[in-house]
Amino acid sequence: MTTQSSSSSRCVCVPGPVIVGAGPSGLAAAACLKEKGVPSILLERSNCIASLWQLKTYDRLRLHLPKQFCELPFMGFPTDFPKYPSKKQFVEYLQCYANKFDIKPRFNETVQRAEFDSKLGLWRVKSVAGDGKKQITEYVCRWLIVATGENAEAVVPKIEGMGEFGGSIKHTSLYKSGDEYRGKKVLVVGCGNSGMEVCLDLCNQNAKPSLVVRHTVHVLPREMLGKSTFGLSMWLLKWLPIRFVDRLLLIVSWLMFGDTSRLGLDRPSLGPLQLKNLSGKTPVLDVGTLAKIKSGHIKVCPAIKRLKHHAVEFDNGRKERFDDIILATGYKSNVPYWLKEGDMFCKEDGLPRRPFPNGWKGESGLYAVGFTKRGLLGASMDSKRIAQDIAQDIERCWKAEAKHTSAFARSLLPHSSNS
């Protein structure tokens, strides 16, 4: 039911859940709900599904894990797709997924505020349409699913001297290809999967990249012993303790790569899987960058102390000239900016307080999907749990209402009298 209060604002009562975010997590949640017969409304601030993938990723990007570990519920990848689908293929898969489940997000609607109304026992979700005339909509619903994910906003660190550097400084969310950097000296800040792959792309486009490594990092081969490293790890964990699996991964990595600390890439004291479980920090799956570091085509640098005009001073006192800087410094959740609650999500990092696998459900009909730090596999698991929980909640309501209606009907029946 929709009530029009003015030409610029309206209130919409939603019989099912409101889902915020039309990335893979939001699509998976909507599809799982639809399979349970539960309608939903999906709000998306951008003009397309999977906006991070479509608008903010570099051209050469591929899935880092084999496609069977990246499928959304109830629909696999086409059999003719390669083991590691490209960005274009993954977006195509998501569009087919939305079509199959008839998921039609409301695009260009930015959620500004969502808050539980304890008097009504419902959520109030306020959005603003971003197309020309300002249209404010308040959605009122019993269930709210947060699907904006861990990568909603780019993290851009403040570095002393940024204003005087003179060259371009851009986040990887704005980077498409190394073609525009041909022949230039480029400093990439951050040695996660994105930073490593951007360096490789720059090399392939005849740029001269250097890589800032500020912290310890696990670099693993994408495949080992004839299998994907991720798939092998998941199989081994069925039989062995995590510390033994970590030890095996590091032994094989050492045999394939040698001692990475000699390249300036020190490993953490915890193994890659233990570190992932405790902190969410993902190991780097190498796709060729390490060979370029070994050959000297990519230089490894320490942390930045400050920037000067087309120059960088590092923590060790060394100075070097650079034309441009690319910040591969990751993303963060934006949940604290718009969701007004203090129990389920941490205000500091915008992630669920309860660790996996228990972070998907909060109080008063609040849910989270896409915050597991376990990629698309984690989002699929949470989507199924959420749909099942909401369907059970609806069933309980129907049974309670039916019981109440039946009792009311019986009270209206004429009582028999003895004569």
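Between Glu35 and Lys170, the contour length at 0.36 nm per residue exceeds the Cα-Cα span by 44.4 nm.
In this structure, Cys346 and Phe244 have a Cβ-Cβ separation that, at R0 = 30 Å, corresponds to a calculated FRET efficiency of about 0.40.
Put simply, when 98-111, 70-83 are sorted by average Cβ atoms within 10 angstrom per residue, most first, you get 98-111, 70-83.
Over segment 173-257, Cα pairs under 8 Å with separation of 6+ residues give a relative contact order of 24 percent.
Over all projection directions, the Cα-based convex hull of segment 47-206 averages an area of 14.0 nm².
Take every DSSP beta bridge with both residues inside the chain and express the antiparallel ones as a percent of the total, to the nearest 5. So the antiparallel bridges in the chain amount to around 50 percent.
Keeping every protein chain present and rolling a 1.4 Å probe, give me the accessible area per residue for the chain in Å².
Here the residues of the chain average 51 Å² of exposed surface.
From the alpha carbon centroid of segment 236-265 to that of segment 13-33 is 39 Å. The calculated Kirkwood hydrodynamic radius for segment 1-75 is 14.9 Å, given to one decimal from all distinct C-alpha pairs.
Based on the Cα coordinates of segment 186-263, what is the per residue volume of their convex hull in Å³?
111 Å³
Projecting label points 7 angstrom from Cα along Cα→Cβ for Arg182 and Cys48 puts them 2.5 nm apart.
In the context of the full protein assembly, Glu115 retains an accessible surface of approximately 70 Å², using a probe radius of 1.4 Å and ignoring ligands and nucleic acids. Taking label points 7 Å from Cα along the Cα-to-Cβ direction, Lys308 and Lys361 give a separation of 6.0 nm.
Across the chain, the relative contact order, built from alpha-carbon pairs under 8 Å that are at least six residues apart, equals 21 percent. Most tightly packed first, judged by the mean number of other beta-carbon atoms within 10 Å of their residues, the peptides 322-330, 233-241 read 322-330, 233-241.
Dividing the mean sequence gap of close Cα pairs (under 8 Å, 6+ apart) by how many residues segment 53-117 holds gives a relative contact order of 32 percent. Here Asp315 and Arg353 are evaluated by their C-beta separation; at R0 = 60 Å the FRET efficiency comes out at 0.95.
Between Trp143, Trp360, Trp338, find the one with the highest GNM mean-square fluctuation for the chain; connect C-alpha pairs within less than 10 Å. Residue with maximal mean-square fluctuation among Trp143, Trp360, Trp338: Trp338. Rounded to the nearest 500, the helix-only mean residue ellipticity at 222 nm of the chain stands at -9000 deg cm²/dmol, with each DSSP H run of n ≥ 4 adding -39,500 (n - 2.57). The figure for Glu164 is an accessible area of roughly 90 square angstrom, using a 1.4 Å probe on the protein chains alone. Result for the chain in a Gaussian network model with C-alpha springs under 10 Å: among Ser40, Ser25, Ser86, the largest mean-square fluctuation is at Ser86. Of all DSSP-defined beta bridges confined to segment 1-150, some 60% are antiparallel rather than parallel.
Apply the a/c threshold of 1.5 to the C-alpha gyration tensor of segment 126-253 and tell me whether it is rounded, prolate or oblate.
The shape class here is oblate.
Per-residue accessible area (protein heavy atoms, 1.4 Å probe) orders Ser380, Ser261 as Ser261, Ser380, starting from the largest. In this structure Leu120 has an accessible area near 90 Å², from a 1.4 Å probe over the protein heavy atoms. If R0 equals 51 Å, the separation of the Cβ atoms of Asp389 and Met162 corresponds to a calculated FRET efficiency of about 0.65. State the label only: which of (i) 1.01; (ii) 0.97; (iii) 1.06 corresponds to Rg/Rh (Cα atoms, Kirkwood Rh) computed from the shown model? Given (i) 1.01; (ii) 0.97; (iii) 1.06, the structure-derived one carries the label (iii). Taking a straight Cα-Cα cut-off under 18 Å and skipping sequence neighbours fewer than 8 places away in the same chain, the lysines within cross-link reach of Lys292 are Lys184, Lys185, Lys208. For the chain, carbon and sulfur atoms together expose 53% of the accessible surface, with a 1.4 angstrom probe and every protein chain in place.
The values are calculated or read from the model by the stated rules, or taken from the named source; none is laboratory data. Note that the structure is predicted; figures quoted are calculated from it, not measured. All Cβ positions, glycine included, derive from the backbone under ideal geometry; neighbour counts span all protein chains shown. These area figures cover heavy atoms from the full protein model, side chains too; ligands, DNA and RNA do not enter into them. Shrake-Rupley method; radii C 1.70, N 1.55, O 1.52, S 1.80 Å.
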